[in-house]
Amino acid sequence: MARLKVTPTRMNLNTLKERLATSKRGYKLLKDKQDELMRQFLDLIRENKRLREEVEGELSKSFKDFLLASAFMSPEFLEEAVSFPTQKLGVDISIKNVMSVRIPKMEFKVEENENASMFPYGYAQTSAGLDKAIKGLNQVMNDLLKLAELEKTTQLMADEIESTRRRVNALEYRTIPDLEETIKYIRSKLEENERATISRLMKVKDIISQEDSKSKAKDLFV
């Protein structure tokens, strides 16, 4: 705790009281926000773990199918078979605000020929493994994009939690104690000044009483 450098006056005391009340309200709001962010963060972590395991499993199956296909096809023909895709794929990204965290919402934008097949090659000279691999990749793409969205959201949420934690700690361990210490100091100084003022008034009263007594005594002897 450190006392703020302010003049011990009633005006400053009232100002500091208002700042203290505002700081306490801000602390409560930030603490509630931190708790809610942590709850959502833990939910995201669990969902991210589940989806990552699922996506990695599906990708592993597709890679195995590609390996099997490459065992039955020459590298040149395999490369030629997948060189001309029938779909043009893009990603639309929008922003959603969740508790002051701007998280991304991702969605695939697919441009394709209505009459085109998912497979950009003929079936005569390709293996069933290649068909299975491409079909598996096509099915896992949405989950893969969702995983990327979740991981980015988790990262942004973690950054916001850390920022909020620093602000909460600054209020709890620095701002609020400093204000309370300063208010206590100003109150003690004002009380001390009041006691000194009362003491001076009593002395003045005693002096006036003594002067009155002397004046009455003189009047009696006249």
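Under 25 Å Cα-Cα from residue 5, which lysines qualify once same-chain neighbours fewer than 8 residues away are excluded?
Those lysines meeting the cut-off are 17, 24, 184, 189.
Would you mind checking the stretch 16-51 for residues with the amide N under 17 Å from a putative spin-label position 7 Å along Cα→C-beta of residue 166?
Output list for this probe position: 30-31, 34.
Once R0 is set to 22 Å, what does the formula 1/(1 + (r/R0)^6) return for the Cβ-Cβ distance between residue 43 and residue 145, expressed as a FRET efficiency to the nearest 0.05?
Calculated value: 0.70.
May I ask you to order 162-171, 46-55, 92-101 by the average number of other C-beta atoms within 10 Å around their residues, highest value first?
162-171, 46-55, 92-101
Taking the alpha-carbon distance from residue 146 and a cut-off under 24 Å, which lysines remain once sequence neighbours fewer than 8 residues away in the same chain are dropped?
Cross-link targets: 49, 61, 64, 88, 96, 105, 109, 132, 135.
Extending each Cα 7 Å along its Cβ direction at residue 11 and residue 59, get the distance between those two points in nm, one decimal.
Between residue 11 and residue 59, the label points sit 6.6 nm apart.
By how many nm would the segment from residue 201 to residue 158 grow when fully extended, if each residue of separation counts as 0.36 nm and the alpha-carbon distance is taken off?
9.2 nm is the gain from fully extending residue 201 to residue 158.
Scan around residue 98 for amide H atoms under 5 Å from its own, H built in the peptide plane at 1.01 Å from N, and keep only partners 5 or more places away or cross-chain.
Answer set, sorted by chain and number: 103.
Only the coordinates and a few stated rules stand behind these numbers; no lab work does. Keep in mind it's a predicted model, so treat the numbers as computed, not measured. When we count neighbours, we look across all protein chains shown, and the Cβ atoms used for this are built from the backbone with ideal geometry, even at glycine.
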